[in-house]
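Just below is one structure, and these are the notes that go with it.
The values are calculated or read from the model by the stated rules, or taken from the named source; none is laboratory data. These figures come from a predicted structure and were not determined experimentally. Cβ placement follows ideal geometry from the backbone for every residue including glycine, while neighbour counts extend to all protein chains displayed. Side chains are part of the model used for accessible areas, which takes the heavy atoms of the whole protein and leaves out ligands, DNA and RNA. Shrake-Rupley method; radii C 1.70, N 1.55, O 1.52, S 1.80 Å.
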Amino acid sequence: SGLLQAMATQSGAALLLAGLLALATIASSNTEGDILYSQRQVWKDPNNVLTSWDPTLVNPCTWFHVTCNNVNSVIRVDLGNAGISGTLIPQLGQLKNLQYLELYANNMSGPIPTTLGNLTRLVSLDLYDNHLTGVIPSSLGAVGRLRFLRLHGNKLAGVIPASLGRLTKLVELELQENMLTGTVPLEVLSLVLVGDLTELNVAKNNLAGTIKSSKPRVATVIQDTLKTTL
């Protein structure tokens with residue numbers, strides 16, 4: 001009976017461990033659901049595009065406009081042109097596997113949270129055509145996989161952070177139609193040479209040495225490959 005009791009205790013412990021592991025998995029996907037639900041509560045949603053964001057579900061992977069990977073972690077939030085207004089909450093920076101944050105063409109206001117610099121898997125950050133204010137966080141320079149950073153058509157002020165020059169995978173940097181001041185940092189300009197940058201648009205700001213024009217100006221230089229002699 002002592003042996004049976006020991007076996008029962010062991011299997012009880014194993015079951016408890018399995019249960020705890022299952023809870024931990026649910027908790028991690030639940031945390032992401034909690035973050036997104038907190039964001040939903042801050043936003044005004046006149047078109048009811050967020051009605052499926054139900055906090056009682058095990059995870060947010062069945063919600064509309066949310067995509068998860070095979071372990072139920074959020075990798076995309078697609079809410080472009082959805083009529084949403086309100087601010088972005090700092091907790092968005094905890095969606096550690098997020099690759100695409102698409103919130104363009106809404107009525108978002110307030111600052112870009114500095115915590116978005118924690119989203120190290122982010123490939124595309126599209127916040128253009130909103131009413132965002134404040135500065136471009138220098139923390140975004142830590143998002144090494146970022147390929148598309150489109151912040152144009154907002155009310156962003158301050159300088160262009162030199163830290164963006166660390167984004168060597170960047171293909172498009174769209175900062176036009178804001179209220180940015182200062183100059184374009186050399187670190188950022190150098191991305192055209194050392195990185196993958198094909199478009200850098202800083203037109204229609206308050207940058208030193210540039211004249212505001214009503215016509216869109218070409219911000220890309222396209223030329224043939226230089227000929228080399230052997």
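Side notes on the structure shown:
- The conditions of being open to solvent by 50 Å² or more (accessible area, probe 1.4 Å), at pLDDT below 95 and touching a Ser or Thr at 6+ places or on another chain (Cβ under 7 Å) are not met by Val159.
- Every pair of residues 6+ apart whose Cβ atoms lie under 7 Å, when the first sits in the stretch 50-69 and is at positive phi while the second is assigned to a strand (DSSP E or B) and surrounded by 17 or more Cβ atoms within 10 Å (Cβ to Cβ): His65/Val77
- Residue pairs whose Cβ atoms lie under 6 Å apart, separated by 6 or more positions or on different chains, with the first residue in the stretch 147-175 and farther than 20 Å from His131 by Cβ and the second part of a loop (DSSP other than H, G, I, E, B) and of a type in the set (Val, Ile, Thr), are Arg147/Val123; Arg147/Val171; Pro161/Ile136; Val171/Thr198.
- The selection criterion, being of a type outside the set (S, T, N, Q), part of a loop (DSSP other than H, G, I, E, B) and crowded, with 20+ Cβ neighbours inside 10 Å, does not hold for Leu92.
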